[in-house]
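**Student:** This structure is in structure tokens; I'll ask about it shortly.
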Amino acid sequence: MLDKLSGLSLETLKSCLNYDPETGLFTWKVKLSNRVIVGDIAGAIDGYGYVQIKLFGVPYKAHRLAWFYMTGWWPKEQIDHENRVRHDNRWKNIREASQTQNSQNQSASFSKIHELKGAYESQGTWFSTINVFGKQIYLGRFKSPEEAHTAYVEAAKLHFKEFATDGK
């Protein structure tokens with residue numbers, strides 16, 4: 001199958017690279033440039049923590065290549081790393097996800113003052129909200145950040161099933 005955007009066919013991918021679903025690593029099958037050594041691990045970790053592999057001058061995220069390699073089709077939306085480790089491209093760790101599902105499987109934002117996902121403080125009161133398909137849902141006011149976080153986790157499980165995370 002040929003991806004309209006990338007122009008890379010499954011046949012071409014498999015002729016250039018081996019993918020090991022147990023380790024999540026790609027290795028070179030052919031020498032495509034002076035820097036490539038057949039048998040070496042392909043790609044490098046980019047500034048966002050993802051493995052990126054260049055094929056014929058085009059950069060590809062390794063998790064998207066792994067999906068294509070294993071299924072025979074390009075993911076329609078995003079690829080989520082279940083354990084939240086962006087360079088861990090083992091087959092059991094990646095899954096297709098919508099942007100909303102993918103955004104649920106992340107830890108509390110580093111920019112927030114409190115470490116518990118979904119717990120916010122305003123004027124001495126703790127509250128919790130959750131975004132569901134672009135709509136913010138108010139979950140209530142709470143006496144502690146732990147209570148606000150618990151409300152968030154329960155709502156996330158209800159709305160996002162296996163993509164929900166406690167955010168830690």
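**Student:** Which links in Lys14/Lys161; Lys14/Lys157; Lys61/Lys161 stretch past 32 Å when you go from one Cα to the other?
**Tutor:** Lys14/Lys161; Lys14/Lys157
**Student:** Need the list of aspartates and glutamates near Lys143 for cross-linking: C-alpha distance under 15 angstrom, and skip anything on the same chain fewer than eight residues off.
**Tutor:** Excluding near neighbours in sequence, the set is Glu121.
**Student:** In whole angstrom, and with the biggest value first, how far do the Cα coordinates of the range 10-97 range along each principal axis?
**Tutor:** The Cα atoms of the range 10-97 stretch 35, 27, 23 Å along the principal axes, largest first.
**Student:** Moving to a separate point now. Which ³J(HN,Hα) values in Hz, rounded to whole numbers, follow from the phi angles of the range 148-154 under the Karplus curve 6.51 cos²θ - 1.76 cosθ + 1.60, where θ = phi - 60° and Gly and Pro get x?
**Tutor:** Per-residue couplings from phi come out as 5, 5, 4, 4, 4, 4, 5 Hz.
**Student:** Evaluate the relative contact order of the chain (contact order divided by residue number), counting alpha-carbon pairs under 8 angstrom at least 6 apart; express in whole percent.
**Tutor:** Once divided by the residue count of the chain, the mean separation gives 15 percent.
**Student:** Write out the chymotrypsin sites (Phe, Trp or Tyr not before Pro) in the range 1-89 meeting two conditions: DSSP loop, and at most 13 other Cβ atoms within 10 Å of their Cβ.
**Tutor:** Loop-located and lightly packed - Tyr48, Phe56, Trp73.
**Student:** Here's a follow-up. What does the C-alpha gyration tensor say about the overall shape of the chain? Classify as rounded when a/c is under 1.5, otherwise prolate if a/b is larger than b/c, or oblate.
**Tutor:** Verdict is prolate for the chain.
Values quoted throughout were computed directly from the atomic coordinates according to the rules given, and no laboratory measurement underlies them. If you're wondering where the values come from, they're calculated on a predicted model, not measured in any experiment. Here Cβ is always computed from backbone atoms with ideal geometry, including for glycine, and neighbour counts include all displayed protein chains.
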